[in-house]
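The values are calculated or read from the model by the stated rules, or taken from the named source; none is laboratory data. Here the structure is a predicted model, which is why all the values come from computation and not from measurement. Cβ sites come from the backbone with ideal geometry, for glycine too, and all protein chains shown count toward neighbours. Quick note on the areas: whole protein, heavy atoms, side chains included, nothing else; ligands and nucleic acids left out. Shrake-Rupley method; radii C 1.70, N 1.55, O 1.52, S 1.80 Å.
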Amino acid sequence: RVPQVLLSAEEVAELYRELSRHPGLSAACLGPDVLTQPGGKYCSLRTEWSQRDLARAENVKFCRQHLIFHDGASVASSGHIGPCSEIKDELLSRESPSGDLKAILRKVPGKEKEKEKQFLEIWDQNRKAKSIDLTALDKHGSVYDDDQFGCLAWSHSETHLLYVAEKKRPKAESFFQSKAPELGASDEDAGHPKKNDGPLKGEQFVYHEDWGEALSTRSVPVLCALDIEGSSVSVLEGVPEHLSPGQAFWSPGDTGVVFVGWWHEPFRLGLRHCTNRRSALFYVALTSGRCELLSEDTKAVWSPRLSPDGCRIAYLENDALGPHQQCSRLRTYDWYAKHTSTVLEAVPRQAWGAFPGIYCGALPGLCWAADSRRLVLDTAQRSQQDVFVVDTVTGATTSLTADAPRGSWSVLTINRDIVVARFSTPSCPPTLQVAILPSAGQEAQARWVCLQDESPVPGISWSIRTLQPPPEQEHPQYGGLDFDAILLRPSEGPAAQKPPLVVMPHGGPHSVFTAGWMLYPAALCRMGFAVLLVNYRGSLGFGQDSVASLPGNVGTQDVRDVQLCVERVLQEESLDAGRVALVGGSHGGFLACHLLGQFPDTYHACVVRNPVVNIASMVAATDIPDWCLTETGLPYAPDAPPDPAQWTEMLCKSPMRYVDRVRAPVLLMLGEDDRRVPPRQGLEYYRALRARGVPTRLLWYPGNNHALAGVEAEADGFMNTALWLLKHLRG
């Protein structure tokens, strides 16, 4: 049964419960070939998934084991090995290059009043061979398990492990702390100089910077090496004091470590989702501690990946500062020739049939083909996401998914030219796909085989439409840009005739909706709403010109694009123009609040999550003050606070400018721990609306940051969103 718009809270909850059971596919690891027989080889594949457990209010991780039979040119058959099994307390895991060993970083709850501990475990094919209590060794603070700095890298000899941890901080105590004198003679009495390794007095309340949103426990990262045989840890020396290291791996020959170093002077800016922070690629030698710069030191780099032959390092590069997400360059560093080459430049305009440019948060952990010449990556191509193979010598690119179903494709790993990917659409949850990478020049013949099939969710149809702004709304420098929108609509039941419309612009603003599985839009569509996901100009996947067109025009160009899309869809589709609502988060919330004030007759309800409402008041409180000036069209410099004219410009581009015109009821959802768009932004809007008599409700989520991604907050947020829309769009 496809639910209709008039639902009870119990029916909405059951619908959400049903759809939230679909697991997400997060990682894959190909094992060695386990059996050879006439016609091909068998190899194992381990995949990791996550699923919302509403009863436990947490995301549960589990693994599945698969067996693949292939002949080196195609996958002939596959099967599952046993049932799924839950993964408990694993923070990081990595198989050794040979596949014979596996390292696991595991958290272990402390006994009684003890703090949580971290253990590094080494497993072989028969047992747990080592278990090392990193907390007890006390060489450093907590090990980083994030995807910004974190790593767990085997040496090529498989005798050492490399990881990143918080630098050990000296203990501090009050000036007035007293303790009993120790029994026995003092150091001075014994003729020894007094040691100065006790707690530091007066250092208790010194402020320690961190790396902002979702990285608030990350301050001073250090590179650490574990000697597996000796169970000893050493903190590597030689990293310059002005750099924070991360994303490290062992150099060819295990002579040292290659890492990304982020500048943190004069102060740290938020790093999460910010691929524009000044950083470079470095090498530090183990014996001498000498640190060598491998890339330009005026750019932003990340995702270094060593080729299988150990000769070249591929990495991504952006300009420092400017928009937080851009069309990236792909570069390689030749380890022996000591030479850097540009493989792919930023693409000004997307064109079908040509490579769209690189718009990805990271390269796959394993991305190189066996020939050490080609690599695979996924990238947004307008409102789709596709997989490409890149020849790093010639720069030639070929789509591996051009003839595959349209939707969202992501590379999970490649090993021995077996490519593992994730595929989904707005109506189909993630599925596991495998293909053999064809030989050079034949890549377009890649054939994908689905190993873990998911039936499409019934009652959802979707399409992508392209829109061209009218001449008067063209950008004077970047004319001719178009943009997309993805429309989901009910395909069954009475609601399919003329459903109400929920408009959802994305955040960023430099991000993109790709045609993949998204829980909120799918659930709203199953409830009987049409959902419009707008990729306005400035979105990723449309070329660097589109990205560059938006800074200085937020609050106008993006707002007009969304409004144009809404008006066009209402004209061309059978939708109820008297029941239109807005839902958006972050910059999507910024747009929703703008649209409420600039076009009050169009919208009849609104839900916003951690919205930007006043750029001027946000700039001094956020972890990304550069965003406030850049998107307003102003230059950013850490030593130059905004002048009065710049404060005025930021306020003029903010939704607060139009708050007097808002009439539609507004539901606000705020994360208490949001460092990106501090909750004071939402509170400012809440008070302004309440003072003007606009029906307003505010939900406050402790323990949640900008994403509001906690299972309990996400579920409660959907329920309140759905009920708010049902209440105010009854017609």
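The set of residues from the stretch 616-653 being without any contact (Cβ under 8 Å) to a residue 40 or more places away in the chain and of a type in the set (Val, Ile, Thr) comprises 619, 648. Tell me yes or no: at least one residue of the stretch 594-605 is charged (D, E, K, R) and touching a helix residue (DSSP H, G or I) at 6+ places or on another chain (Cβ under 7 Å). Within the stretch 594-605 (the criterion being charged (D, E, K, R) and touching a helix residue (DSSP H, G or I) at 6+ places or on another chain (Cβ under 7 Å)), the answer is no, since none of the residues qualifies.
Can you run down the residue pairs with Cβ atoms below 7 Å, 6 or more apart or on separate chains, where the first is in the stretch 141-165 and more than 14 Å from residue 221 (Cβ to Cβ) and in the same structural domain as residue 124 (by the TED database) and the partner is of a type in the set (D, E, K, R) and not in a strand (DSSP E or B)? If the second residue must be of a type in the set (D, E, K, R) and not in a strand (DSSP E or B), the pairs left are 155/254; 156/254; 157/254; 159/229. The residues on offer are 694, 711, and the sole one that is open to solvent by less than 40 Å² (accessible area, probe 1.4 Å), among the aliphatic types (A, V, I, L, M) and in contact with a Pro (Cβ under 8 Å, 6 or more places away or on another chain) is 694. For beta carbons closer than 9 Å, sequence separation of 6+ or different chains, a first residue in the stretch 289-305 that is closer than 21 Å to residue 376 by Cα and modelled with pLDDT of 95 or more and a second that is among the aromatic types (Phe, Trp, Tyr) and buried (at least 21 other Cβ atoms within 10 Å of the Cβ), the qualifying pairs are 301/315; 302/315; 303/315; 304/259; 304/315; 304/333; 305/315; 305/368. One residue stands out among those in the stretch 140-181 that are closer than 24 Å to residue 124 by Cα and charged (D, E, K, R): the one that is nearest to the chain's Cα centre (by Cα), which is 145. Within the stretch 375-391, can you find the residues that are in a loop (DSSP other than H, G, I, E, B) and open to solvent by less than 10 Å² (accessible area, probe 1.4 Å)? Within the stretch 375-391, 383 is the sole residue that qualifies. The sole residue among 375, 363 that is in contact with a Phe, Trp or Tyr (Cβ under 6 Å, 6 or more places away or on another chain), hydrophobic (A, V, I, L, M, F, W, C) and touching a residue at least 60 places away in the same chain (Cβ under 8 Å) is 375. Being touching a residue at least 24 places away in the same chain (Cβ under 8 Å), touching a helix residue (DSSP H, G or I) at 6+ places or on another chain (Cβ under 8 Å) and more than 19 Å from residue 383 (Cα to Cα) is a description that does not apply to residue 538. Does residue 245 fit the bill of being assigned to a loop (DSSP other than H, G, I, E, B) and under 23 Å from residue 317 (Cβ atoms)? The answer is no for residue 245.
For the stretch 529-559, the set of residues classified as open to solvent by 10 Å² or more (accessible area, probe 1.4 Å), assigned to a loop (DSSP other than H, G, I, E, B) and small (Gly, Ala, Ser) consists of 552 only. Can you say whether residue 251 is farther than 30 Å from residue 674 by Cα, open to solvent by less than 40 Å² (accessible area, probe 1.4 Å), modelled with pLDDT of 95 or more and not acidic (Asp, Glu), as far as the supplied structure shows? So residue 251 fits the description; yes. Annotation: residue 204 fulfils all but one of (1) outside any loop (DSSP other than H, G, I, E, B); (2) at pLDDT below 95; the unmet one is (1).
Residue by residue, here is whether (1) open to solvent by less than 60 Å² (accessible area, probe 1.4 Å); (2) under 28 Å from residue 161 (Cα atoms); (3) more than 29 Å from the chain's Cα centre (by Cα); (4) not assigned by the TED database to the domain that holds residue 119 holds:
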residue	(1), (2), (3), (4)
9	yes, no, yes, yes
48	yes, yes, no, yes
65	no, yes, no, yes
69	yes, no, yes, yes
73	no, no, yes, yes
84	no, no, no, yes
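Within the stretch 95-115, residues that are among the hydrophobic types (A, V, I, L, M, F, W, C) sit with their Cβ atoms under 6 Å from residues that are open to solvent by 100 Å² or more (accessible area, probe 1.4 Å), at 6+ positions apart or across chains, in these pairs: 103/94. Given the structure, is residue 320 open to solvent by 30 Å² or more (accessible area, probe 1.4 Å) and among the hydrophobic types (A, V, I, L, M, F, W, C)? Yes.
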